[in-house]
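To start, the structure itself, in C-alpha cells.
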Amino acid sequence: MQRTLVVYYSISGHTRDAAIAIGEGLGADIEPIVEPATTRITPWSYFTLGMKGVFGMPAPIGPGTYDPTSYDLVILGTPIWGGKMSAPARSYVMAHHGQFRRLALFCTQGGTGGETALAEMATIAEAKPAAMLALSDADRASGKSAEKIAGFVAALRGASVK
C-alpha cells in the first residue's frame, strides 16, 4: 500500500473539507499549511496574503510536521485567489519542488482559473500530476463535490497499481 499525504491551505474551510474527504478516501495523512506562529492574523494580513496570491508571490508558512519526500504520493490542495493558487500553497510547492515521487493536485474555487492554477502548480513542483481536480462553489451547492472527489480518489487508487 502506498503512503499518501494530503497537504492543503484553507481559510474558508472549503479546501480543508475537500482535503479531509480525499484523505479519508485514501487513508492518507493530512496536513494543513499554516502561517508561522509569529504571524498576527488580522483583516489586513488576509488582504496582504490575498494580494500575494493574486500577484503570484509566496508567503511565509510555518514548518510542516510531515516530510513529503517520505511519501509515495503527495496531494496538494489550494483555494483559487484571482485565478491563482494561494500564496501559502505557492510557498509549499516552491519549498518542495522536485521532491515529490508522485503528485496529485486539487483546488476549490468560487469562479474560474482552477485548471490554470493547477497547471502552474505542476510546473513549479516539477512534476506531472497523477490526477487533478477543480471543485467550484456550484459543485458544492449542487452536491456534486462528493461525486467529483470520489472520482479523483478512484483515479488515484487506479494510478497506484500501474
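The values are calculated or read from the model by the stated rules, or taken from the named source; none is laboratory data. Remember, predicted model here, so these are calculated numbers, not experimental data. When we count neighbours, we look across all protein chains shown, and the Cβ atoms used for this are built from the backbone with ideal geometry, even at glycine.
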Search segment 116-127 for residues that are among the hydroxyl-bearing types (Ser, Thr, Tyr) and pair each with any residue that is at pLDDT below 90 when their beta-carbon atoms are under 7 Å apart and the residues are at least 6 apart or on different chains.
Thr116/Gly83
When segment 1-20 is examined, which residues are found to be crowded, with 17+ Cβ neighbours inside 10 Å and within 19 Å of Pro129 (Cα to Cα)?
Thr4, Leu5, Val6, Val7, Tyr8, Tyr9, Thr15, Ala18, Ala19
Which of the residues that make up segment 104-124 are of a type in the set (Gly, Ala, Ser) and more than 15 Å from Ser86 (Cβ to Cβ)?
Ala104, Ala119, Ala122
Residue under question is Leu135, and the condition is that it be touching a residue at least 60 places away in the same chain (Cβ under 8 Å), of a type outside the set (Asp, Glu) and in contact with a helix residue (DSSP H, G or I) (Cβ under 6 Å, 6 or more places away or on another chain); does it hold?
yes
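Can you work out which of the residues in segment 105-162 that are polar (S, T, N, Q) and modelled with pLDDT under 90 is nearest to Gln2 (Cα to Cα)?
Looking at residues that are polar (S, T, N, Q) and modelled with pLDDT under 90, I get Ser160.
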